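None of the figures in this text is laboratory data; all of them are computed from the coordinates on show. What you see is a predicted model; the values in this text were computed from it and never measured. Here Cβ is always computed from backbone atoms with ideal geometry, including for glycine, and neighbour counts include all displayed protein chains.
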Amino acid sequence: MEKESYEFMKILSIDDAKKFAKEKVVVIITGVTGQDGSFMADYLLQNTDYEIFGGARRLSVSNHENVSHLENNPRFHLINFDLTDAHSISQIISQLKPSYFINFAAQSFVKSSWDFPAQTWETNTTSMIHILESIRLHCPYCRFYNAGSSEEFGNVAYTPQDESHPMRPRSPYGASKAAARQLVKVYRESYGLYAIQGWLFNHEGTRRGEEFVTRKITKAVARIKHNIDTGVPFEPLELGNLDARRDWSDAEDCVQAVWKMLNQDQYSTRVPDINIKYPFDTFTTDDYPNWWTKDLIPNITEYVVSSGECHTVREFVEEAFKVAEIQGQWYITDDDPTSERYVYWKPDGTTDGISLVKVNPAFYRPAEVDHLLGDNTKIVGELKWQPKVTFKELVKKMVETDLKA
Ligand code: NAP
Ligand code: G4F
């Protein structure tokens with residue numbers, strides 16, 4: 001098999017990383033091989049002059065595709081990072097003393113969280129204690145962001161969901177994020193850390209993992225389009241619950257919201273600008289400056305980040321096939337959702353009854369979150385964040401990328 005152009009990138013030892021960190025504003029982004037981490041690295045390299053350290057865990061096959069374009073960027077460095085190893089977390093934080101620690105690493109796939117509940121908890125929740133303790137002990141001025149989720153709202157009590165919505169998780173994943181939120185809050189309130197966890201609703205893009213429903217659909221549309229164009233028979237795309245409603249935004253828009261949340265003194269209308277100049281390592285938890293404890297920490301807050309619009313999985317399917325100029329029609333037998341199929345209609349207006357999509361109950365979940373719709377009023381008003389990419393633009397961008405590939 002031909003080798004891909006992205007191979008393992010160089011991973012710095014902590015001693016070498018320390019040399020790059022000296023007297024620089026250090027940002028650690030965990031989960032940098034994933035969707036959000038890699039987009040955040042791009043955004044900060046373009047919009048700051050900070051030194052970016054991307055945390056990647058060791059795997060036996062290369063998974064550096066999302067950051068391979070940064071390989072020769074002198075301000076981007078890969079370091080080994082695993083959320084399940086308290087010693088290495090402490091080593092990294094105590095040696096690099098970051099000004100920002102952005103935690104995007106997680107067991108992020110909801111469906112897997114029923115298969116691996118303990119691993120999900122350890123990765124997403126127990127790790128919070130290791131990170132927050134290390135920040136408290138070694139660099140309490142560090143601003144910490146943990147990636148919270150609309151899955152924490154779960155079995156929703158009202159729609160749209162805002163920052164006051166109760167935690168009603170429906171999966172081990174949702175529960176792990178809800179518990180992590182409580183830890184972040186406890187450390188913020190107990191020790192005066194700038195530690196927050198936003199509620200991000202679903203966000204997608206060209207680097208989305210292939211098991212999430214949007215990317216699964218856009219990859220399948222590209223495959224089917226190729227087969228139709230070349231006259232080769234194709235297997236249908238198999239999906240679970242077509243009626244789930246999600247509030248889908250663009251991941252590149254969302255990382256900007258995260259950065260604004262981490263810098264509320266610069267962006268918020270209600271937090272005084274304390275004009276802090278990093279790098280900054282002059283205080284300990286016993287010795288906070290007045291402005292930190294009076295003006296900054298009591299005023300920071302957490303935000304819902306969403307598009308404010310929701311669509312069903314079915315609508316995503318329809319839009320994706322439309323972008324590829326493939327016509328389909330839904331058929332269902334006797335009101336049985338498992339019989340539902342999206343049948344191909346040829347450009348000449350006839351059909352052979354071939355399915356583009358069919359339901360496979362194996363993709364249903366033990367418990368579903370039926371309806372997520374975020375109320376983004378607070379972040380739009382206070383941090384002047386705006387979702388820029390619409391639902392249709394998002395689907396188009398993803399399908400076109402997969403068609404090209
Ligand atoms: P993603 O693409 O799945 O990326 C997750 C990252 O975490 C990957 O880099 C993965 O590394 C890493 N990771 C997993 N286990 C780890 C461990 N034990 N130690 C170190 N790294 C580990 O997820 P995403 O979509 O970018 O999401 C980023 C964060 O936001 C996650 O915390 C997710 O739960 C949360 N979130 C996402 C959304 C969304 O719609 N995207 C919405 C709300 C919240 P490998 O590449 O090695 O697997
Ligand atoms: O794309 P999904 O797997 O994303 P889900 O479960 O909403 O979680 C994503 O968003 C969360 C924020 O709300 C994040 F915290 C989390 O990390 C992740 O990024 O599934 C979306 C919906 C579900 O209702 C699912 O049941 O699509 C439905 N679905 C239907 N068929 C499917 C499939 N999901 C997947 N993954 N695969 C299917 O075949």
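Applying 1/(1 + (r/R0)^6) with R0 = 51 Å to the Cβ-Cβ distance of residue 363 and residue 285 gives a FRET efficiency near 0.60.
Measuring r between the beta carbons of residue 339 and residue 164 and using R0 = 51 Å, the FRET efficiency lands at 0.80. Here the extension length gained between residue 403 and residue 384 equals 3.4 nm, from 0.36 nm per residue of separation less the Cα-Cα distance. The C-alpha atoms of the chain define a longest principal axis, and helix 213-230 lies at about 40 degrees to it. The stretch between residue 327 and residue 351 holds 7.6 nm of extra length on full extension. This uses 0.36 nm per residue minus the Cα-Cα distance. Axis angle, to the nearest 10 degrees, between helix 127-138 and the longest C-alpha principal axis of the chain: 20 degrees. Projected label points at residue 62 and residue 84, each 7 Å from Cα along the beta carbon direction, are separated by 2.5 nanometres.
If each DSSP helix of 4+ residues adds -39,500 (n - 2.57) and the sum is divided by the residues in the chain, what number results at 222 nm, nearest 500 deg cm²/dmol?
Numbers: 13 runs with 138 residues, N = 405.
It comes out at -10000 deg cm²/dmol, rounded to the nearest 500.
The stretch between residue 47 and residue 232, if pulled fully straight at 0.36 nm per residue, gains 62.0 nm over its current Cα-Cα span. Given Cα pairs under 8 Å that are at least 6 residues apart, what percent is the relative contact order of the chain? In percent, rounded to a whole number, it is 18. Exposure proxy for 9, 128: other Cβ atoms within 10 Å of each Cβ, ordered fewest to most, give 9, 128. Ordering 172, 237, 17 by Cα displacement along the dipole of the chain toward the positive end leaves 17 in first place; charges were set at the Cβ atoms of Lys, Arg (+1) and Asp, Glu (-1).
For the chain, 254, 310 have no disulfide-compatible partner, since no other Cys C-beta lies under 4.7 Å from theirs. Between the C-alpha center of segment 184-201 and that of segment 114-172 there is a gap of 10 Å.
Comparing 74, 285, 44 along the charge dipole axis of the chain, the residue lying farthest to the positive side is 285, per the Cβ-charge model.
Given charges of +1 on the Cβ of Lys and Arg and -1 on the Cβ of Asp and Glu, with all other atoms neutral, how large is the dipole of segment 198-244 about its Cα centre, in debye to the nearest 20?
Working: 7 positive and 7 negative charges, 45 e Å.
In total the dipole reaches around 220 debye.
Here's how it looks for residue 345: its modeled amide H is under 5 Å from those of 327, 328, 329, which are all 5 or more places away or on a different chain. The HN-Hα couplings worked out from phi for segment 193-204 by the Karplus form 6.51 cos²θ - 1.76 cosθ + 1.60 (θ = phi - 60°) are 7, 7, 10, 9, 9, x, 9, 8, 7, 3, 9, 10 Hz, whole numbers, x standing for Gly and Pro. In this structure, residue 71 and residue 22 have a Cβ-Cβ separation that, at R0 = 22 Å, corresponds to a calculated FRET efficiency of about 0.50. For the peptides 296-302, 217-223, the ranking by mean Cβ contacts within 10 Å, running from highest to lowest, is 217-223, 296-302.
Sort 226, 371, 87 so that the residue with the fewest other Cβ atoms within 10 Å of its own Cβ comes first and the one with the most comes last.
Details: 226 14, 371 18, 87 8.
Ordered from fewest to most neighbouring Cβ atoms within 10 Å, 226, 371, 87 come out as 87, 226, 371.
Between the Cα long axis of helix 86-96 and the first principal axis of the chain there is an angle of about 60°, rounded to the nearest 10.
Of the trypsin sites (Lys or Arg not before Pro) in segment 270-365, the ones in a loop by DSSP (not H, G, I, E or B) with at most 16 other beta carbons within 10 Å are 270, 277.
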